[in-house]
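Heads up, the thing below is written out as structure tokens.
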Amino acid sequence: MELKIKEYNLPEQIGFNYDELKEQIEKSLEKYQNLVVTQENLSDSEKARTTLRGFKKSLDEQRKAIKKKWNEPYDAFEKNIKELLALVDKPILALDKQISVFEEKSKMKKMERIQNFITEQLFSFMEENKDCPFDTNKIIIDERWFNKTFKDKDIVDSIKQQFQDQLDDYEASEQDIELIKTVYETLPDDVYRKSISLDKYLERYKYTRNINDIVKAIKEEYAKNKQTSNDKGDWVVDSEPITDPFAGLSTSTTVLTKEQCKEMINTLIVESDYEDYIKKELLRFMEER
């Protein structure tokens with residue numbers, strides 16, 4: 001099957017009195033170049049605008065007529081070609097549906113191989129790094145892997161690299177955690193150190209992964225606790241994360257002086273999510289007294 005176009009000649013240019021018409025238009029429009037519309041010449045100006053618009057419309061209508069006539073042979077040719085294309089599309093669509101079934105089966109088989117590669121590499125990495133929480137769900141499967149030309153070796157290499165990235169990230173986080181613990185344990189004063197919740201900062205690190213901010217926050221809390229300690233003696237809060245420091249506290253069971261309240265406001269759980277709540281409750285107790 002082959003499309004054979006018969007020889008045909010297209011005119012090089014549609015001829016008309018372009019130069020003559022252009023010269024006439026330019027001369028007739030000279031009087032409008034610097035025309036200023038005034039109340040006195042408003043009526044004449046409106047008539048001139050109507051004349052110019054009429055002439056412009058006449059030119060454009062002739063352009064459209066020539067274009068339509070010029071396109072007639074092409075439009076007929078295009079219509080016939082589209083009919084032929086529609087005929088060819090029918091078997092193409094039918095074949096597409098059937099071939100896609102085989103392609104999907106092939107993709108599923110390839111996916112099984114990829115999953116086997118992932119499992120093999122997981123066991124290989126876990127054998128030497130048992131503590132690392134490898135996650136197969138984090139392995140990104142590239143759509144290019146399903147191409148027939150994509151080599152299995154390249155797939156395996158990519159999976160290896162992704163598991164290696166997980167391992168590197170885990171080892172880096174473990175080093176950061178050890179650093180946080182070291183910073184905490186080497187704080188010089190045991191009393192003020194125990195007033196800081198290490199678990200709180202370890203939990204914060206899981207979400208922020210910003211070791212510098214965590215270390216800075218621990219040191220700042222330690223310094224603030226030491227500076228605002230009670231003159232009567234050092235105080236210690238539970239090392240576990242505090243959920244509600246006023247749970248069970250009531251005016252009938254606890255006696256707090258105004259001075260004690262003020263001191264607690266300045267010292268209790270610095271940098272806590274409950275700081276505003278604590279201050280609010282303490283002020284309430286102060287008012288009740």
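The values are calculated or read from the model by the stated rules, or taken from the named source; none is laboratory data. What you see is a predicted model; the values in this text were computed from it and never measured. All Cβ positions, glycine included, derive from the backbone under ideal geometry; neighbour counts span all protein chains shown.
Whether any residue in segment 56-69 is surrounded by 11 or more Cβ atoms within 10 Å (Cβ to Cβ), touching a residue at least 12 places away in the same chain (Cβ under 8 Å) and assigned to a helix (DSSP H, G or I) is what I want to check. Yes, some residue in segment 56-69 is surrounded by 11 or more Cβ atoms within 10 Å (Cβ to Cβ), touching a residue at least 12 places away in the same chain (Cβ under 8 Å) and assigned to a helix (DSSP H, G or I). Among what's in segment 176-196 and is hydroxyl-bearing (Ser, Thr, Tyr) and within 14 Å of Ala223 (Cα to Cα), pick the residue that is surrounded by the most Cβ atoms within 10 Å (Cβ to Cβ). Per the stated criteria, the residue is Ser195. The condition of being closer than 30 Å to Phe146 by Cβ and charged (D, E, K, R) holds for only one of Lys97, Lys22, that being Lys97. Scanning segment 137-171 for residues that are modelled with pLDDT under 95 and hydroxyl-bearing (Ser, Thr, Tyr) gives Thr149, Tyr170. Would you confirm, using the coordinates I've provided, whether Glu143 is under 30 Å from Glu220 (Cβ atoms) and without any contact (Cβ under 8 Å) to a residue 12 or more places away in the chain? No: the conditions fail for Glu143. When Thr119 is tested against (1) in contact with a helix residue (DSSP H, G or I) (Cβ under 7 Å, 6 or more places away or on another chain); (2) in contact (Cβ under 8 Å) with a residue 12 or more places away in the chain, exactly one condition is not met: (1). One residue stands out among those in segment 197-234 that are crowded, with 16+ Cβ neighbours inside 10 Å and in a loop (DSSP other than H, G, I, E, B): the one that is modelled with the highest pLDDT, which is Ser197. Within segment 148-191, the set of residues being over 28 Å from the mean Cα position of the chain (by Cα), assigned to a helix (DSSP H, G or I) and of a type in the set (Lys, Arg) comprises Lys153, Lys181.
For segment 19-55, residues that are surrounded by 10 or more Cβ atoms within 10 Å (Cβ to Cβ) and under 30 Å from Pro73 (Cβ atoms) total 2.
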